[in-house]
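Structure record follows, encoded as structure tokens.
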Amino acid sequence: MTTFSAPLVPAPPPVSAAWVSLHAHTFAPVADLERALHHDLFPLLGALQTRGELAGWFFIRYWEGGPHIRLRLRDPSPQAAAQVEATLTCTCAALPAPATPDPEGYYAAFVPPAHRTGAAEAYGWYPHGQVRAVPYEPETLRYGGRAGLGISEAFFETSSAFAAQILPLTPTRASRLGLGLHLLLTTVRALDLDTPGGVSWLREFVNAWPLFSSTPTEQVARARERAEATYFAAPPSLTGARQTYAQRPERQLLRAWEAEVRAAQQAYRAVEKALSYPSLDIWRSQLHMFHNRLGFSIEDECYLATLAALILSDRGGEHLHADWSSDHRAHEDSKLYPHGLAELRATTPPEPRPVPHWPGQRRVPLPERPEGDLTMPLGEVLRRRTSHYARYGQPLPLPTLATLLRGAAGIVDTRVITHPGGQFQVQRRPYPSGGGRYPWRLHLLAYRVEPLDPGHYVFDEHTGELVRYGTVPPVELLERSSPFLNPATPDVLPARQVAAWLLPVLDYTYLKAHYHHRAYRHALLECGHLAQNLCLIAAAEGLPHLTIGGFYDDAVNALLHLDGVGEFTTYMVPVGGPA
């Protein structure tokens, strides 16, 4: 794969471009369809462009109405549009027609369970070989609004041209995934993302699927586990992938791709303030469309993005117990010396950081703490506090959960404190925090909190409310997130019995902006203070509880939809109801 000759689009299509859209339905095997596109359709499109009868084109694979190809033609002559439609019709008719899939079984992969019955009527179902002319309705908002749509459509054409070249060159799944990894790393390189930014961007791409689509969390977790297995098997091919990101790619194809991504990103940045979404968010959608053209499933995309993130965060083979390993270096690098004191002094007051509102958000007010609760003597609480590995079978009452959350992390009062950086107003919690910044926030996975609906919530200490973030993950994924929760291991915590899980989540970006290399130390100390509050109140309320620090970080962060870079958790605290 050393040559690249597909026609590229040097400039965005004009806003007034006339589009012709064709939907070609086929149940043919994917390999047969791709061969037909390569032999019949793509050469015709290139010839029409060369003769000036077609300004541009792009395609996607789509599911609604049954499996089909959507082909968009920009400013075709009437004769060119008719010729393309006739070619598509003949090509689809000549493809092998296996048995028609069951519509409900087919739609099960794309729509939520509640919508599967009658899906064929709701979404349509077209026979094999039918080609339809359908008006093109651009996703204007998703791709930048009026300011960004032309740039986006130009890159649709560019990535379609690349896909047309790549499909016949990568006939096997392994070869296409391998090239897809290099293309993904080249994309990160072309977007000029630094290592933490690149890792975060890739992980957020993965985390978005269960939040904003019907993609099951289980499917995303399976992709992550596949990627981790590949990474830790350390195949030689990963060495070349690391070099693709670290150095200018040697392959002409990758160099051409990098140049096109850079050019498109430069165009986005020129109108950044007018875009409907930040350009990096638009690039996630562009990446998904490119993967679609290459025939990757969402699970494939999550696999590649997770693997790429692991490669970017690679320690270069350093062993944890090397003489001067990363933990030793981090300890030395975070030491404080007199000459560096000035940069660690807070120059801005701590910021109130309530959970932001968004359309359709659901908030659940927590019951107020009654006067006189938590009156057990401290000495008795300390004697009672112990780790529990059983007795988690009871549900947790919402008022008891409210006592736990408000007592451990709620705002106690507002005070003015004198600090080396000046006088600051601090909304004080019941545990110490460097500079009164309180960068930790409690996430809740509620499975059996009565009468609360099961779900993923965040405690907003500013309002005393639970903010719903989404559904709870399947318990099986929690069991797979830690060796201490794996039911195949004797005497582990029975995760399926736990009523609720509390997970402190750190806004590391916020803290690091103030404490630089010292931030990680401050953060871990503060998490310990917060976790101790949770444990002591749980003991006072007679709640079984445990602190788990031994878990697979990326697995748990993914369950909470965190990137593991700017935001991450360091503790899992299972809590049961009172016996």
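Within the stretch 128-149, which residues are assigned to a helix (DSSP H, G or I) and touching a Leu at 6+ places or on another chain (Cβ under 8 Å)?
Within the stretch 128-149, Gly145, Ala147, Gly148 meet the criteria.
Name every residue in the stretch 445-474 that is under 25 Å from the mean Cα position of the chain (by Cα) and not in a strand (DSSP E or B), in order of residue number.
The answer is Tyr447, Asp453, Pro454, Thr471, Val472, Pro473, Pro474.
Do we find that Ser175 is part of a helix (DSSP H, G or I) and without any contact (Cβ under 8 Å) to a residue 24 or more places away in the chain in this structure?
yes
What about Leu374, is it in the same structural domain as Leu546 (by TED's automatic domain parsing), more than 22 Å from Val505 (Cβ to Cβ), touching a residue at least 40 places away in the same chain (Cβ under 8 Å) and assigned to a helix (DSSP H, G or I)?
Judged against the criteria, Leu374 is not a match.
For the stretch 541-579, give me the residue count where each residue is in a loop (DSSP other than H, G, I, E, B), among the β-branched types (Val, Ile, Thr) and under 21 Å from Pro483 (Cβ atoms).
So the answer is 2.
If you go through the stretch 520-533 one residue at a time, do you hit one that is surrounded by 17 or more Cβ atoms within 10 Å (Cβ to Cβ), at pLDDT below 95 and of a type in the set (Lys, Arg)?
no
Are there any pairs with C-beta distances below 9 angstrom linking a residue in the stretch 407-420 that is without any contact (Cβ under 8 Å) to a residue 40 or more places away in the chain to a residue that is outside any strand (DSSP E or B) and surrounded by 11 or more Cβ atoms within 10 Å (Cβ to Cβ), with the two at least 6 apart or on different chains, and if so which?
So the pair list comes out as Val412/Arg429; Val412/Pro430; Arg415/Gly436; Ile417/Gly436.
Among the residues of the stretch 228-257, write down those that are of a type in the set (Lys, Arg), in contact (Cβ under 8 Å) with a residue 40 or more places away in the chain and part of a helix (DSSP H, G or I).
Within the stretch 228-257, Arg242 is the sole residue that qualifies.
Can you go through Leu211, Leu181 and tell me which one is out of contact with any His (no Cβ under 8 Å at 6 or more places or on another chain), assigned by TED's automatic domain parsing to the domain that holds Val271 and part of a helix (DSSP H, G or I)?
Step by step, each of Leu211, Leu181 is checked, and only Leu181 is out of contact with any His (no Cβ under 8 Å at 6 or more places or on another chain), assigned by TED's automatic domain parsing to the domain that holds Val271 and part of a helix (DSSP H, G or I).
Would you confirm, using the coordinates I've provided, whether Thr100 is of a type in the set (Ser, Thr, Tyr) and either in contact with a strand residue (DSSP E or B) (Cβ under 6 Å, 6 or more places away or on another chain) or in a strand (DSSP E or B) (or both)?
No: the conditions fail for Thr100.
The values are calculated or read from the model by the stated rules, or taken from the named source; none is laboratory data. Everything numeric here is computed off the predicted structure, so don't read it as measured data. Counting neighbours? That spans all protein chains shown, and the Cβs are built from the backbone with ideal geometry, glycine included.
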